[in-house]
Ligand SMILES: [Zn+2]
């Protein structure tokens, strides 16, 4: 249908109270599996790439693979760079054709976070590229960014207001108690804080650390205005777990095409489950 950025996609989702899944893909197989899932459910889709994936495959190589896939898709697809702390890499991805980027300067003091976010926003201006920013610290490990538990700093409502007004970003990820990776216990999510920030926010809100949240938590966050939900760990588990399952059961088969089909079905199944939970079916 169209290769798009996140702006209209997320604004529509915010207004109509559903969320768009942003799935972290690592190669052709995972990208095509989530596209297939979204096409089958007629849902908009965000193909999300971590900075590590970009570095491993190469900026140009990944763009050359993903952009034609997005253009061929029967649904609107955005390609988004997740959690990038390196401004130069963010700019390279913008130049290579990513339709959306996240600058993560959340570990820095507010003034420096604002400065870096503004620099990216200015660079993206006029290129039809959307920018996501983060405030506070989302605990866990995402890519090579490690945030220890206890270091957790939820985004303050006051600072969120200052950050949003100063940066004019297109999507905002305030830390509200969700975590990257797998939850060890019951996540403590600050719904009141999320509600307050959502009310004052000029742009749609993003929920990080989606893997492992209960269905009712997703539903509540979406009802409160969460418009983009990141799913990374669940895709990794489906991919690696599927591969492991298949080869352990058939140690002598050595048939890569059958293995890929099995793994691709596992990834697609996980993506479909989340798309259904997020309420974006038939919203393409
Ligand atoms: Zn994240």
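Each reported figure results from applying straightforward, stated rules to the coordinates on display, with no laboratory input. As the structure is a computational prediction, the values presented were derived from the model and not from experiment. Here the Cβ is made from the backbone with ideal geometry for all residues, glycine too, and neighbour counts use every protein chain on show.
Entry note, the chain: relative contact order of 24 percent, from Cα contacts under 8 Å with a spacing of 6+ residues. In this calculation the C-beta distance from residue 158 to residue 237 is compared with R0 = 41 Å, giving a FRET efficiency of 0.65. Distance between the 7 Å Cα→Cβ label points at residue 128 and residue 190: 3.9 nm.
Would you order 25, 162, 46 from fewest to most other beta-carbon atoms within 10 Å of each residue's own beta-carbon?
Ordered from fewest to most neighbouring Cβ atoms within 10 Å, 25, 162, 46 come out as 162, 25, 46.
Projecting label points 7 angstrom from Cα along Cα→Cβ for residue 282 and residue 107 puts them 4.5 nm apart. With a Förster radius of 35 Å applied to the C-beta separation of residue 223 and residue 115, the computed FRET efficiency comes to 0.55. Each label was represented as a point 7 Å from its Cα along the Cα-to-Cβ direction; for residue 64 and residue 247 these points are 2.7 nm apart. With 34 Å as the cut-off, how large is the P(r) tail for the chain, expressed as percent of Cα-Cα pairs? That fraction is 14 percent.
Given R0 = 51 Å, the distance between the Cβ atoms of residue 165 and residue 40 translates into a calculated FRET efficiency of 0.80. Taking every DSSP bridge with both residues inside the stretch 2-278, close to 10 percent are antiparallel.
For residue 202 and residue 269, calculate 0.36 nm times their separation in residues minus their Cα-Cα distance, and state this gained length in nm to one decimal.
Extra length available between residue 202 and residue 269 comes to 20.7 nm.
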